[in-house]
Amino acid sequence: MKKVFTDLKYDHELGIPITVPASTGMIRTGDRFYSNDFTAGKYHNVGFSQADVTIQEEHTDSDGDTYYTTIFKGRWIVFEFPKKFAYRIEVVQKGFPAKKVPKTGRNGRKFEKQNIESSTFHKKFKIYAEDGFETFYVLDPALIDHIETLSNNCKGKLLLCFVDNKLHVGLHDNKDAFEPPSPLKKINEQEEFEKINRELKTITDFVDFLKLDKKIFTNK
């Protein structure tokens with residue numbers, strides 16, 4: 001991790017609070033919330049924090065018994081920028097189970113579905129936002145292409161939330177990152193190094209593919 005990130009912080013027992021994803025207003029937070037493997041640092045001077053997150057909803061069957069279904073399991077990553085977005089934007093991949101579309105924005109504007117000139121993108125994603133002009137400014141054709149490329153490289157469903165000066169990313173892939181190998185088996189160090197590098201690459205890919213260090217996010 002220290003070879004890839006600067007200002008690194010890692011704690012396998014610590015997670016993120018439920019208030020972090022809930023602050024976007026774009027994901028259901030369920031009835032049970034678990035989080036661990038907190039990681040924070042900088043990559044290409046872009047600050048980030050991330051953790052494993054599991055969200056479950058409570059249900060009652062016909063016999064009155066309680067059971068839980070998992071609506072999100074994977075990574076929640078937050079990237080921070082010097083620039084503050086004027087309005088909130090939600091980009092959600094079809095099939096993302098825990099999505100939530102706000103009825104109105106924080107300033108009272110209606111949160112509406114937005115369309116862009118990319119039929120291939122709309123086959124896979126939906127866009128909701130408070131302001132159409134801000135949507136076209138942030139989600140320019142290059143960024144749309146990068147999101148499509150990134151989704152093709154991720155095994156899971158994506159949710160991207162542009163809020164204030166942050167980009168929240170939910171990656172629902174039903175996996176726990178940075179899990180240690182079983183103590184009951186002989187450890188193959190090379191395989192473990194490769195596994196960790198793949199999990200680190202999930203973070204770096206968002207910065208690299210989405211060009212998060214470019215002018216639109218930094219106000220340079």
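Accessible surface area normalised per residue over region 1-146 is 53 Å², counting heavy atoms of protein chains with a 1.4 Å rolling probe.
Mean sequence separation of contacting Cα pairs (under 8 Å, at least six apart), scaled by the length of region 98-206, corresponds to a relative contact order of 15 percent.
Compared with the alpha-carbon gap, the fully stretched path from F133 to K9 is longer by 40.9 nm at 0.36 nm per residue. The simple spin-label model puts a point 7 Å past each Cα toward its Cβ; for D208 and I187 those points are separated by 2.6 nm. Could you work out which residue, out of V20, V163, V53, moves most in a Gaussian network model of the chain, that is, has the largest mean-square fluctuation with Cα springs under 10 Å? The residue that fluctuates most here is V20. Sparse packing (at most 10 other Cβ atoms within 10 Å of the Cβ) combined with a DSSP loop state is found for the following trypsin sites (Lys or Arg not before Pro) in region 47-89: K84.
Enumerate by residue number the GluC sites (Glu not before Pro) in region 65-150 meeting two conditions: DSSP loop (anything except H, G, I, E, B), and at most 14 other Cβ atoms within 10 Å of the site's Cβ. For GluC sites (Glu not before Pro) across region 65-150 that sit outside H, G, I, E and B with at most 14 neighbouring Cβ atoms in 10 Å, the list reads E117. Panel values: region 2-49, Kirkwood radius from alpha carbon pairs, Stokes-Einstein at 37 °C and 0.692 mPa s, translational diffusion coefficient 269 µm²/s. Listed values for region 180-191 are Karplus-derived 3J(HN,Hα) couplings in whole Hz (6.51 cos²θ - 1.76 cosθ + 1.60, θ = phi - 60°), namely x, x, 5, x, 8, 10, 5, 7, 9, 4, 4, 5, and x replaces Gly and Pro.
In this structure, the amide hydrogen of L14, modeled 1.01 Å from its nitrogen in the peptide plane, lies closer than 5 angstrom to those of D37, F38, counting only residues at least 5 positions away or on a different chain. Taking only the C-alpha atoms of the chain, the Rg (one decimal) and the largest Cα-Cα distance, Dmax (whole number), read 18.1, 60 Å. Legend: residue pairs K94/K155; K73/K126; K83/K113, Cα-Cα distance threshold 18 Å; pairs beyond threshold, K73/K126; K83/K113.
Note on region 70-159: Rg/Rh from C-alpha atoms, Kirkwood Rh, equals 0.94. Of all accessible surface on region 1-89 at a 1.4 Å probe, what whole percent is carbon and sulfur? Looking at region 1-89 in its full context, I get 46 percent from C and S. Over all pairs of different C-alpha atoms, region 1-83 has a mean inverse distance whose reciprocal, the Kirkwood radius, equals 14.3 Å.
Multiplying the residue separation of N107 and D176 by 0.36 nm and subtracting their alpha-carbon distance yields 21.2 nm. Report summary: the helix-based calculation at 222 nm, which adds -39500 (n - 2.57) for every DSSP H run with n ≥ 4 and divides by the residues of the chain, gives -7000 deg cm²/dmol. Looking at region 175-210, the trypsin sites (Lys or Arg not before Pro) that sit in a DSSP loop and have at most 12 other Cβ atoms within 10 Å of their own Cβ are K185, K186. Per-residue Karplus couplings for region 40-55, computed as 6.51 cos²θ - 1.76 cosθ + 1.60 with θ equal to phi - 60°, are listed in order as 9, x, 10, 9, 6, 6, 9, x, 8, 9, 7, 7, 6, 9, 10, 10 Hz, Gly and Pro entered as x. Rounded to the nearest 0.05, the FRET efficiency derived from the C-beta distance between A86 and S118 at R0 = 35 Å is 0.95. Beyond 17 Å, how much of the Cα-Cα pair distribution for region 148-196 remains, as a whole percent? Cα-Cα pairs in region 148-196 separated by more than 17 Å: 56 percent.
The values are calculated or read from the model by the stated rules, or taken from the named source; none is laboratory data. In this text, all values refer to a predicted model and were calculated from it rather than measured experimentally. Here the Cβ is made from the backbone with ideal geometry for all residues, glycine too, and neighbour counts use every protein chain on show. SASA here: full protein model, heavy atoms, side chains in, ligands and nucleic acids out. Shrake-Rupley method; radii C 1.70, N 1.55, O 1.52, S 1.80 Å.
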